[in-house]
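Inspection log for the structure reproduced underneath, given as structure tokens.
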Amino acid sequence: MIPLCVPNISGNEGKYLARCVETTFVSSVGEYVDQFEASVARATGSAFAVATSSGTSGLHSALYASGVGPGDHVIIPALTFIATANAVAQCYAVPVIVDVSQDNWCLDPDLVRDLLENRCDRDAEGILRLRETGGAIRAIMPVCAMGLPADMDAFRDIADTYRLVLIADAAAAIGATYRGRPIGQAGADLSVVSFNGNKLVTCGGGGAIVGQDLEAGRRLKHLTTTARVGRDYDHDIAGFNYRMTNLQAAVGVAQMERLDEFLEAKSRIAATYEQAFCDLQGVHAFPVAGWAKSSHWLTGLYLPELSLERVAELRGSLMANGIEARSFWKPIHMQAPYSCAPTHLNGKAEALWERILPLPCSSHLTAIEQRAVITVVTRFFAC
Ligand SMILES: *Cc1c(COP(=O)(O)O)cnc(C)c1O
């Protein structure tokens, strides 16, 4: 089976892991966590990076530290991995699910503006509230869909106008750029990256919160490491135990040494698919945007003109030929835990998700494997 997207563990991972074992620094103390945070800060152009146990725990911490609390509302895109919404729910807050742009599959800034302008009111204290629920809108959390940054200038402008916190779910976007700037400089107050197994760079599992405000970074480090004051068991707030272990960071440091190589491979794989399928009727590549360079976390096909039966047939044909093919993120408002959440939709996410077909794109996918994928797809459309 040619897998969709699996870790490329062929660098110094084993060596660094062995060093953790030899020195017995396997847990929360050790050199690799500091090294990993420094390399993530550097790669994202950020003043700080706080490593966390997962991307989801990083998102939860970023929202919590930004003051998102029970009953508050956070605007998120309809088309994303469920972790985006879960992080909001973990704050006992409510996601407000807004549709995505057809052009780039990211949160649609015009729809967000429309929601804030036409469905929200400021109360006597100046707090912006969604009329139907009375919940205070606190934050906007755009997602870098497939590794492509959303239009962050538009969201920075909205966040400033309406005095909202702007947090980027940049889970799959390490190495991506927005208007030539790395994602830590794209305009969000905080951005969160994931190092889960299927991401561009992996720690096995893990995440990082990055930003420019060093004081915020210090508070986040404190919050995510049980808020311990000094060396004794003194804790000044109810903190989280979300720190990354030295074992995870050891893998991460080895992975970060190869970030440029991974990005190059991902970009080459995307370009090869695009070139191979450009003449196929009704077959499109994943979107690009003038303002950004994607990390090309996932690459594949967008099939707007095919019937859903044909899309399923293509998926079946790939699987029958030993090529992993799965359906993609089901929109958040169609998921059981969020079926009652407030929405501002125009049908884009619902129309998109079943027509998105990711193709194998691990950074170590061989030319022969990619050729095999291309052959199966091309043959499918030939008949
Ligand atoms: C992977 C992912 C996450 C969650 O990261 P984990 O490290 O798996 O917790 C959040 N949002 C998006 C868009 C993702 O792709």
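Along the Cα-to-C-beta direction of ALA312, a point sits 7 Å from the Cα; which residues of region 329-373 have their amide N less than 19 Å from that point?
Output list for this probe position: 329-331, 350-358.
Take the Cα radius of gyration of region 267-338 and divide it by 2.2 N^0.38 Å, with N its residue count; two decimals is plenty.
Working: Rg = 14.3 Å, N = 72, 2.2 N^0.38 = 11.2 Å.
Against the empirical 2.2 N^0.38 Å value, I get 1.28 for region 267-338.
What is the gain in length, in nm to one decimal, between TYR233 and GLN102 on full extension, counting 0.36 nm per residue of separation less the C-alpha to C-alpha distance?
Working: separation 131, 0.36 × 131 = 47.16 nm, distance 5.18 nm.
Here the segment from TYR233 to GLN102 would lengthen by 42.0 nm.
Report the Stokes-Einstein translational diffusion coefficient (µm² s⁻¹, integer) for region 111-213, Rh taken as the Kirkwood radius over Cα pairs, at 10 °C with viscosity 1.306 mPa s. Mind showing how you got there, number by number?
On the way: Rh = 14.7 Å.
For these conditions, the coefficient is 108 µm²/s.
Quickly estimate the mean residue ellipticity at 222 nm for the chain, helices only: each DSSP H run with n ≥ 4 gives -39500 (n - 2.57), and the total goes over all residues, rounded to 500.
Details: 12 runs with 140 residues, N = 383.
For the chain, the value works out to -11500 deg cm²/dmol.
If you wrap a convex hull around the C-alpha atoms of region 1-122 and split its volume per residue, what is the figure in Å³?
Values: hull volume 22.8 nm³, N = 122.
Measuring per residue, one finds 187 Å³ for the Cα hull of region 1-122.
Distance from the Cα centre of region 86-108 to that of region 301-320, in angstrom?
Result: 27 Å between the Cα centres.
Can you classify region 1-66 as rounded, prolate or oblate using the Cα gyration tensor, where a ≥ b ≥ c are the square roots of its eigenvalues, rounded means a/c under 1.5, and otherwise it's prolate if a/b beats b/c and oblate if not?
Numbers: a/c = 1.79, a/b = 1.20, b/c = 1.49.
Here region 1-66 falls in the oblate category.
Can you pull the three principal axis extents for the Cα set of region 289-383, in Å, largest first?
47, 33, 26
Assuming 0.36 nm per residue, please report the length gained on full extension of the stretch GLU305 to THR226 beyond their Cα-Cα distance.
23.3 nm
Tell me, in nm to one decimal, what length is gained between VAL21 and ASP34 on full extension, where the rule is 0.36 nm per residue of separation less the Cα-Cα distance?
Additional length available on full extension: 2.9 nm.
Return, ordered by residue number, the residues of region 4-23 whose backbone nitrogen is under 18 Å from a label point located 7 Å along Cα→Cβ of ARG42.
Taking a point 7 Å out along Cα→Cβ of ARG42, the residues of region 4-23 whose backbone N falls under 18 Å are 11-13, 16.
Checking the table LYS293/LYS330; LYS221/LYS330; LYS15/LYS266; LYS221/LYS266; LYS199/LYS221 against a 30 Å threshold on Cα-Cα, which pairs fail? Walk me through the numbers before you get to the answer.
Details: LYS293/LYS330 25 Å; LYS221/LYS330 33 Å; LYS15/LYS266 25 Å; LYS221/LYS266 32 Å; LYS199/LYS221 23 Å.
Violating the 30 Å Cα-Cα cut-off are LYS221/LYS330; LYS221/LYS266.
Give a quick list of trypsin sites (Lys or Arg not before Pro) in region 286-335 that DSSP marks as loop, anything other than H, G, I, E or B, with at most 12 other Cβ atoms within 10 Å. Show your work: numbers first, answer last.
On the way: sites: LYS293, ARG310, ARG315, ARG326; in loops: ARG326.
Loop-located and lightly packed - ARG326.
If you take every residue apart from LEU298 with its C-beta less than 13 Å away from the C-beta of LEU298, what net charge results, scoring Lys and Arg +1 and Asp and Glu -1?
Values: positive: LYS199, LYS266, ARG326; negative: GLU324.
So the surrounding residues net to +2.
Local charge sum around ALA250 (other residues, Cβ-Cβ under 15 Å, Lys/Arg +1, Asp/Glu -1)?
On the way: positive: LYS15, ARG19, ARG243, ARG258; negative: GLU13, GLU22, GLU31, ASP34, GLU37, GLU257.
Computed value for this residue: -2.
If a/c stays under 1.5 just call it rounded; otherwise compare a/b with b/c (prolate if a/b is bigger, oblate if not). Do that for the chain, with a ≥ b ≥ c from the square roots of the Cα gyration tensor eigenvalues. All intermediate terms of the calculation are to be shown ahead of the outcome.
Values: a/c = 2.02, a/b = 1.14, b/c = 1.78.
Oblate.
Rounded, prolate or oblate, given the Cα gyration tensor of region 144-203, with a/c below 1.5 counting as rounded?
On the way: a/c = 2.69, a/b = 1.93, b/c = 1.39.
Verdict is prolate for region 144-203.
Post the alpha-carbon centroid distance, region 33-51 to region 205-266, in whole angstrom.
Between the Cα centre of region 33-51 and that of region 205-266, the gap is 8 Å.
FYI, it's all coordinate maths here, none of it is from the lab. Just so we're clear, the structure is a prediction, and the values are computed from it rather than from any experiment. Here the Cβ is made from the backbone with ideal geometry for all residues, glycine too, and neighbour counts use every protein chain on show.
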